[in-house]
Amino acid sequence: MSTATVRDRLFLLAHDNDHDLAPHIRPDLLDFGLAGATLIDLLLDGWIQVYDGTIWLTSATGLPGDIIGDRTLQHLFTRTSPRPVRDVLYEISPTMYARTRAILIADGTIRERRRRFRGPAYRISDPRAAGVPRAGVRAVVLAAAERKPLTRLAGTDALAALVNAVHLYPPLHLDLRDAQIRSLLNLNTRAIAVRARPGAPARAIPFIAGCVEDAVAEHAVAVYG
């Protein structure tokens, strides 16, 4: 199953497996979160770097081997100068939701069942594919609430930052108000750059997540008022 990427984990967490994978947030808003996750995957795997809010390609050769990551990197190759993260988010976000779902269906992570007279039904093949990332983000929130140490993984920190950026709180199943979860995740996101060593890719995670949150807010105002 292709659930190792931050992008795939965000997609699976954003859907209700008990109700045919109904999305918890609007897919057009999740497009931006998935785009941000794709950039973070490329960042953490060493394909890009982020300096002063712009994306720079590294000297790595070849392609990541992930279809969406490959196409995103090829998109960046066509640009003659470093691109602001914000601009790239808007450039790669269209259809990101549909493309991610198609890949997860193709690799068997999501099962699609055709129904007569109704649209297709979906289900995650292995519930752990969503349960594990949910547990990781819950642990981040609870560790922040209780001020307890937690073994940190850059991918989980990134997922938590993006969950906050798109306001994806219901599937965490926490006995806390959304405002409380948001405050605790904000603390964790700000701490990512502090914990990371100088020059580490993870230091750019809060900036990318912030760009995602801005893009989601702007899109929501423009489309839904």
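The values are calculated or read from the model by the stated rules, or taken from the named source; none is laboratory data. Given the structure is predicted, the values throughout are model-derived calculations rather than measurements. Ideal geometry is used to build each Cβ from the backbone, glycine not excepted, and the neighbour counts take in all protein chains shown. Heavy atoms of the whole protein, side chains included, go into the accessibility calculation; ligands, DNA and RNA do not. Shrake-Rupley method; radii C 1.70, N 1.55, O 1.52, S 1.80 Å.
Results, tabulated for the structure shown:
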quantity	calculated
Tally of residues being open to solvent by less than 10 Å² (accessible area, probe 1.4 Å) and part of a helix (DSSP H, G or I) across the stretch 93-114	3
Sole exception among (1) closer than 18 Å to LEU10 by Cα; (2) outside any helix (DSSP H, G or I); (3) open to solvent by 10 Å² or more (accessible area, probe 1.4 Å) for ASP175, by number	(1)
Any hit, the stretch 12-29, residues being assigned to a helix (DSSP H, G or I), closer than 23 Å to ALA129 by Cβ, open to solvent by less than 20 Å² (accessible area, probe 1.4 Å) and touching a residue at least 12 places away in the same chain (Cβ under 8 Å)	yes
Filter pass, PRO64 being closer than 29 Å to ILE124 by Cα, surrounded by 16 or more Cβ atoms within 10 Å (Cβ to Cβ) and modelled with pLDDT under 95	yes
Tabulated pairs, the stretch 184-202, first in contact (Cβ under 8 Å) with a residue 60 or more places away in the chain and under 21 Å from ILE48 (Cβ atoms), second open to solvent by 50 Å² or more (accessible area, probe 1.4 Å) and in a helix (DSSP H, G or I), C-beta under 6 angstrom, 6+ apart or interchain	PRO201/LEU44
Members of the stretch 30-52 that are part of a helix (DSSP H, G or I) and among the charged types (D, E, K, R)	ASP31, ASP41
Cβ-Cβ under 9 Å pairs, at least 6 apart or on other chains, the stretch 210-225 side more than 15 Å from HIS167 (Cα to Cα), far side surrounded by fewer than 18 Cβ atoms within 10 Å (Cβ to Cβ)	VAL223/ARG26; VAL223/ASP28; TYR224/ARG26
Residue within the stretch 135-145 that is within 22 Å of GLN49 (Cα to Cα), touching a Gly at 6+ places or on another chain (Cβ under 9 Å) and either assigned to a helix (DSSP H, G or I) or small (Gly, Ala, Ser) (or both) present	no
Pairs with Cβ under 6 Å, 6+ apart, first in the stretch 44-56 and on the phi > 0 side of the Ramachandran plot, second open to solvent by less than 60 Å² (accessible area, probe 1.4 Å) and assigned to a strand (DSSP E or B)	GLY53/PRO84
